[in-house]
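Enquirer: Handing you this structure, nothing more for now.
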Amino acid sequence: MSSIFSQIVDGEIPARIVYEDETTLAFLDANPLAPGHTLVIPKAEYERLEDVPEDEAADLYATIHRLVPAVEDAVDADATTVAFNNGEAAGQEVDHVHCHIVPRFEDDAGGPIHAIFGDLPDLSDDELDDIAADIESQA
Ligand code: 5GP
């Protein structure tokens, strides 16, 4: 069974499509967090950001880069929160990579992405050094 977003790509489910090219598609979110809330996807179905091949990831970023000012202009937004819920534990509900472009306004009630998190972890310098070394070795 293909994802709900693949069904949009295939024209089986209607959507308010705002941009399309060979490898990417952008359309309005059906349950917008703000007017203009837009989703950008690779047309091919990948579950997580790290599953997207590098060339298609570059295409995806190019479409995000193109859509951010278009969305901001369309709804006269002051800014945008641009985010991926990458994996179930992060709140991803649709298993087809998608970038949220959510318009933001000076007086809206949303906070920064930092507001998602509760207490900050108390990490020593040694722990930070170890984590940085681990990431560097995998990058
Ligand atoms: P997630 O929680 O997976 O990051 O976000 C999924 C997003 O997809 C939600 O914001 C939800 O409103 C949106 N969505 C789910 N089903 C549909 C649909 O059929 N059409 C559109 N346009 N958006 C959808």
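Enquirer: What residue, among those in the stretch 97-126 that are under 11 Å from the mean Cα position of the chain (by Cα) and of a type outside the set (A, V, I, L, M), is farthest from the ligand (Cβ to nearest atom)?
Expert: Here is the first cut: in the stretch 97-126, the residues under 11 Å from the mean Cα position of the chain (by Cα) are 97-102.
Now restrict to residues that are of a type outside the set (A, V, I, L, M): 98-100.
Values: HIS98: 6, CYS99: 9, HIS100: 6 Å.
Among those residues, the one meeting the criterion is CYS99.
Enquirer: Just the residues that are surrounded by fewer than 18 Cβ atoms within 10 Å (Cβ to Cβ) and among the hydroxyl-bearing types (Ser, Thr, Tyr), please, taken from the stretch 47-80.
Expert: TYR61
Enquirer: So GLN92 clears everything in (1) under 17 Å from ARG16 (Cβ atoms); (2) buried (at least 17 other Cβ atoms within 10 Å of the Cβ) except one condition, right? Which one?
Expert: It is condition (1) that GLN92 fails.
Enquirer: Does ASP78 satisfy the condition of being more than 16 Å from LEU25 (Cα to Cα) and either touching an Asp or Glu at 6+ places or on another chain (Cβ under 8 Å) or away from the ligand (no atom under 16 Å from the Cβ) (or both)?
Expert: Yes, satisfied.
Enquirer: Would you mind stating whether VAL18 is modelled with pLDDT of 95 or more, of a type outside the set (Ser, Thr, Tyr) and either in a strand (DSSP E or B) or under 13 Å from the mean Cα position of the chain (by Cα) (or both)?
Expert: Judged against the criteria, VAL18 is a match.
Enquirer: Let me ask something additional. For the stretch 77-85, check the following and say yes or no: at least one residue is in contact with a helix residue (DSSP H, G or I) (Cβ under 9 Å, 6 or more places away or on another chain) and touching a residue at least 60 places away in the same chain (Cβ under 8 Å).
Expert: Looking only at the stretch 77-85, we keep the residues that are in contact with a helix residue (DSSP H, G or I) (Cβ under 9 Å, 6 or more places away or on another chain), and these are 77-84.
Filter once more, keeping what is touching a residue at least 60 places away in the same chain (Cβ under 8 Å): none.
No - not one qualifying residue is present in the stretch 77-85.
Enquirer: Tally up the residues in the stretch 39-72 that are outside any helix (DSSP H, G or I) and closer than 23 Å to ARG16 by Cα, please.
Expert: Qualifying residue count, the stretch 39-72: 9.
Enquirer: Quickly run through the stretch 73-119 and pick out the residues that are at pLDDT below 95, outside any helix (DSSP H, G or I) and touching a strand residue (DSSP E or B) at 6+ places or on another chain (Cβ under 7 Å).
Expert: If the condition is that a residue be at pLDDT below 95, outside any helix (DSSP H, G or I) and touching a strand residue (DSSP E or B) at 6+ places or on another chain (Cβ under 7 Å), then GLY110 is the only one that fits.
Enquirer: Follow-up question, since we're still on this one. Taking the stretch 112-139, which residues are of a type outside the set (A, V, I, L, M, F, W, C) and surrounded by fewer than 10 Cβ atoms within 10 Å (Cβ to Cβ)?
Expert: Within the stretch 112-139, PRO112, HIS114, GLY118, ASP119, PRO121, ASP122, SER124, ASP125, ASP126, GLU136, SER137, GLN138 qualify.
Enquirer: How many residues are more than 30 Å from ALA109 (Cα to Cα), aliphatic (A, V, I, L, M) and within 10 Å of the ligand (Cβ to nearest atom) if we restrict to the stretch 1-53?
Expert: 2
Enquirer: Going through the stretch 3-46 one residue at a time, which ones are among the small types (Gly, Ala, Ser) and under 14 Å from HIS98 (Cβ atoms)?
Expert: Just the residues of the stretch 3-46 that are among the small types (Gly, Ala, Ser), to begin with: 3, 6, 11, 15, 26, 30, 34, 36, 44.
Of everything in the stretch 3-46, those that are among the small types (Gly, Ala, Ser) and under 14 Å from HIS98 (Cβ atoms) turn out to be SER3, SER6, ALA15, ALA26, ALA30, ALA44.
The values are calculated or read from the model by the stated rules, or taken from the named source; none is laboratory data. This is a predicted model, so every value here is computed, not measured. Don't worry about glycine lacking a Cβ; one is built from the backbone with ideal geometry, like all the others, and counts go over all protein chains shown.
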